[in-house]
1. Of all the helices (runs of 4 or more DSSP H) wholly in the stretch 60-127, which have at least 2 residues that are surrounded by 24 or more Cβ atoms within 10 Å (Cβ to Cβ) and charged (D, E, K, R)?
2. Return the only residue of Asp140, Asp89 being closer than 23 Å to Gly223 by Cα and among the acidic types (Asp, Glu).
3. Specify which of the listed residues (Thr164, Thr215) is farther than 26 Å from His64 by Cα and in contact (Cβ under 8 Å) with a residue 60 or more places away in the chain.
4. Looking only at residues in the stretch 329-361 that are among the aliphatic types (A, V, I, L, M) and in contact (Cβ under 8 Å) with a residue 60 or more places away in the chain, which one is surrounded by the fewest Cβ atoms within 10 Å (Cβ to Cβ)?
5. May I ask you to list the residues in the stretch 218-243 that are surrounded by 22 or more Cβ atoms within 10 Å (Cβ to Cβ) and in a loop (DSSP other than H, G, I, E, B)?
6. Provide a single number: the residues in the stretch 271-293 that are surrounded by fewer than 20 Cβ atoms within 10 Å (Cβ to Cβ) and part of a loop (DSSP other than H, G, I, E, B).
7. Just to check your reading of the model, which residue among Ile92, Ile142 is among the β-branched types (Val, Ile, Thr), at pLDDT 95 or above and touching a Phe, Trp or Tyr at 6+ places or on another chain (Cβ under 9 Å)?
8. Test Thr150 against the stated conditions and say whether it is crowded, with 18+ Cβ neighbours inside 10 Å, among the β-branched types (Val, Ile, Thr) and not assigned by TED's automatic domain parsing to the domain that holds Ile340.
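The values are calculated or read from the model by the stated rules, or taken from the named source; none is laboratory data. Not measured: the values here are computed from a predicted model. Note that each Cβ is placed from the backbone with ideal geometry, even for glycine, and that neighbours are counted across all protein chains shown.
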Amino acid sequence: MTQITPQSGIMEIELYQSGASKIEGVEQVVKLSSNENPFGASEAAIEAFRRASYDLHRYPSTDHAALRGAIGEVHGLDPERIICGVGSDEVIHFLCQCYAGAGDEVIHTEHGFSMYRISALAAGATPVEVPERERVVDVDAILAGCTARTRLVFIANPANPTGTMLSEAELTRLADGVPAHAILVIDSAYAEYAQDYDGGAALASARPNVVMTRTFSKLYGLGGLRVGWGYGPREIIDVLNRIRGPFNLSQPALVTAEAAVRDRAYAEKCRAENARLRGWLAKALDDVGVASDASSANFILARFRDAAQAEACNAHLNAQGLIVRATKGYKLPHCLRITIGDEASCRRVAHAVGQFMETQS
């Protein structure tokens, strides 16, 4: 009897674990585990979504021209070099499908987003992990890891789950050093939260082998609609579009994302409030003995003495209805990633961590 087996690499994929949203036995919870915007989508975006409900019988556009045009207008980019996907995850998947396969290597970093490895394995390629330096992407380690078989290099900047980021000079040095036969992918899902950072757009505009990915799931509060985009050389974007499903994004998602990206006042308000509360929470945690690296995202990676202390703190938070993200799966078992919520949520989690640390002295 012939045995049906999946393609090589598929069974090596561990299922992606999203941030928890429930605690057994607790009805009212504060979810700080998925880096969501606590203020939700803008009123303009919500109204666009509401209006779209009257046209649910219509197919969406296949070229995403209106959304690409809005993104290009807001960010000063050529819409012809933009591709839209079901979150930036789908664009990452497209890149692996199109440019990596059996015998090829895909580089990701030690604490990098798990989808890089998953998408590489799904394409039949070999994921290659390189070390970070004190939770920061190490340019020298990446360049040392590049070989004749390297086809893609993935980094997140700012990084998830650490919140750290490379300077413009280091990012440029990395782009300069990646071999011409490989594509550098700058995953800038959290770019809007960083100060004076274009997400790698200038590099993707000028280089033939640099692609930037972005998302509407974070600052714009559209995680439930799953909209992302990529920007890079026309030749690469043309290749990706050849495998993109013609109706990969729904019409409600398209028009809502367009309204969201055009609402600059709301985006700036959310960015400023995140920066204020991020600084406050980092100091509050530091005051009770919990360190964190300077974060350029909408979360803080809180570091504890060891894995046991981090697990105990997580249990203490859960008992009080607070859900944060354990990062054992990112090789940071002694840490907890805490999303920046609204002010009340930040104060609650700071108070709870302070209570816990009092028991540790």
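1. Details: elements: 65-75, 87-99, 114-122.
Once the helices (runs of 4 or more DSSP H) in the stretch 60-127 are filtered for at least 2 residues that are surrounded by 24 or more Cβ atoms within 10 Å (Cβ to Cβ) and charged (D, E, K, R), nothing remains.
2. Values: Asp140 fails: closer than 23 Å to Gly223 by Cα.
Result: Asp89 is the single residue among Asp140, Asp89 that is closer than 23 Å to Gly223 by Cα and among the acidic types (Asp, Glu).
3. Numbers: Thr215 fails: farther than 26 Å from His64 by Cα.
Criteria check complete, one pass: Thr164.
4. Of the residues in the stretch 329-361, the ones among the aliphatic types (A, V, I, L, M) are 332, 336, 338, 340, 344, 349-350, 352-353, 357.
Okay, now just the ones that are also in contact (Cβ under 8 Å) with a residue 60 or more places away in the chain, so 332, 338, 340, 349-350, 353, 357.
Values: Leu332: 20, Ile338: 30, Ile340: 30, Val349: 27, Ala350: 20, Val353: 25, Met357: 18.
By that ranking, first place goes to Met357.
5. Once the filter is applied, which keeps residues that are surrounded by 22 or more Cβ atoms within 10 Å (Cβ to Cβ) and in a loop (DSSP other than H, G, I, E, B), the stretch 218-243 yields Lys218, Leu219, Tyr220, Gly221, Leu222, Leu225, Val227, Gly232.
6. Residues in the stretch 271-293 being surrounded by fewer than 20 Cβ atoms within 10 Å (Cβ to Cβ) and part of a loop (DSSP other than H, G, I, E, B): 3 in total.
7. Values: Ile142 fails: touching a Phe, Trp or Tyr at 6+ places or on another chain (Cβ under 9 Å).
Going through Ile92, Ile142 in turn, just one is among the β-branched types (Val, Ile, Thr), at pLDDT 95 or above and touching a Phe, Trp or Tyr at 6+ places or on another chain (Cβ under 9 Å): Ile92.
8. Numbers: crowded, with 18+ Cβ neighbours inside 10 Å: yes; among the β-branched types (Val, Ile, Thr): yes; not assigned by TED's automatic domain parsing to the domain that holds Ile340: yes.
Against the criterion (crowded, with 18+ Cβ neighbours inside 10 Å, among the β-branched types (Val, Ile, Thr) and not assigned by TED's automatic domain parsing to the domain that holds Ile340), Thr150 qualifies.
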